[in-house]
1. Between 187, 6, 109, whose Cα lies farthest towards the positive end of the dipole of the chain when Lys and Arg beta carbons carry +1 and Asp and Glu beta carbons carry -1, centred on the Cα centre?
2. Tell me, how many Å apart are the Cα centres for the stretch 73-117 and for the stretch 139-184?
3. Determine the per residue accessible area of the chain with all protein chains present and a 1.4 angstrom probe, expressed in square angstrom.
4. With every protein chain left in place, what is the accessible area of residue 55 in Å² (1.4 Å probe, nearest 10)?
5. Candidates (1) 0.92; (2) 1.01; (3) 1.06; which is the computed Cα Rg over 2.2 N^0.38 Å?
6. Carbon and sulfur atoms: what percent of the 1.4 Å accessible area of the stretch 1-106 do they account for?
7. Connecting C-alpha atoms closer than 10 Å in a GNM of the chain, tell me which of 158, 148, 124 has the biggest fluctuation.
8. Which residue, 119, 64, 23, has the most motion in a Gaussian network model of the chain that connects Cα atoms within less than 10 Å?
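The values are calculated or read from the model by the stated rules, or taken from the named source; none is laboratory data. Quantities reported herein were computed from a predicted structural model and do not represent experimental measurements. Using ideal geometry, Cβ is built from the backbone for each residue, glycine included, and neighbour counts are taken over all protein chains shown. Accessible surface areas use protein heavy atoms only, side chains included; no ligands, DNA or RNA. Shrake-Rupley method; radii C 1.70, N 1.55, O 1.52, S 1.80 Å.
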Amino acid sequence: MKVIAINGSPKKEGNTFHALTLVGEEIKAAGIDFEIIHVGNKMIHGCIACSKCAETKDKKCSGVPNDDFNNINQQIYQADGILLGSPVYYAGIAGTMKSFLDRLFYVSGSNGNFFRHKVGAAVIAVRRTGGSSTFDCLNHYLNITEMIIATSNYWNIIHGRAPGEALQDPEGVQSMHVLGKNMAWLMKMKEATKDTIQPPEKAQKVITNFIR
């Protein structure tokens, strides 16, 4: 099994990286592969709502084909667990990370929903405030795709300004370690029961428009 963590910070080894690494320490200790993919420093355009991915169904974004997105997304679809990490920009997800996730989850949904029943979690690195609202926004991606969400003993938020300062937040550090242990446990339970407990049948999505 493997977990891929997505680092949405422009800084390669900022506090978001340290948060993901703390979670990854516990995942690796449980014998599960762990890799961090850095997207926050890439040139990634936002979704242009062309819906071409729903037409081609080739697991790629056809609307904006020439940026870094299609070089990254394929390996994420193969992972058993997904960990989203973002710093806080104006009480929200960092811009490049938001653009990446919008396209990643839209392409996934247009190709049968690769993320359904994978184990997922989100972590936030923040200087002062806005962590809870950013955490909530990341969790929307996990919820709408029927992912199995791992939890900790507090919100998955760690505090620090300069790179590495987050490691001085003992409660935040503990939250990351507990999250890593719980995420590994969920993945092992899912793997151990795959032949004995059948997952729920996938529902045909009902879409309601409120303006007629």
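1. Projecting each Cα onto the dipole axis, the largest value belongs to 109.
2. If we compute the Cα centre of each part, the gap is 16 Å.
3. Numbers: 11330 Å² over 212 residues.
Ligands and nucleic acids excluded, the figure is 53 Å² per residue.
4. Looks like 140 Å² after rounding.
5. Working out Cα Rg over 2.2 N^0.38 Å from the coordinates points to (2).
6. Numbers: 2340 of 4730 Å².
In the stretch 1-106, the share of accessible area belonging to carbon and sulfur is 49 percent.
7. Judging by the Gaussian network model, the answer is 148.
8. 64
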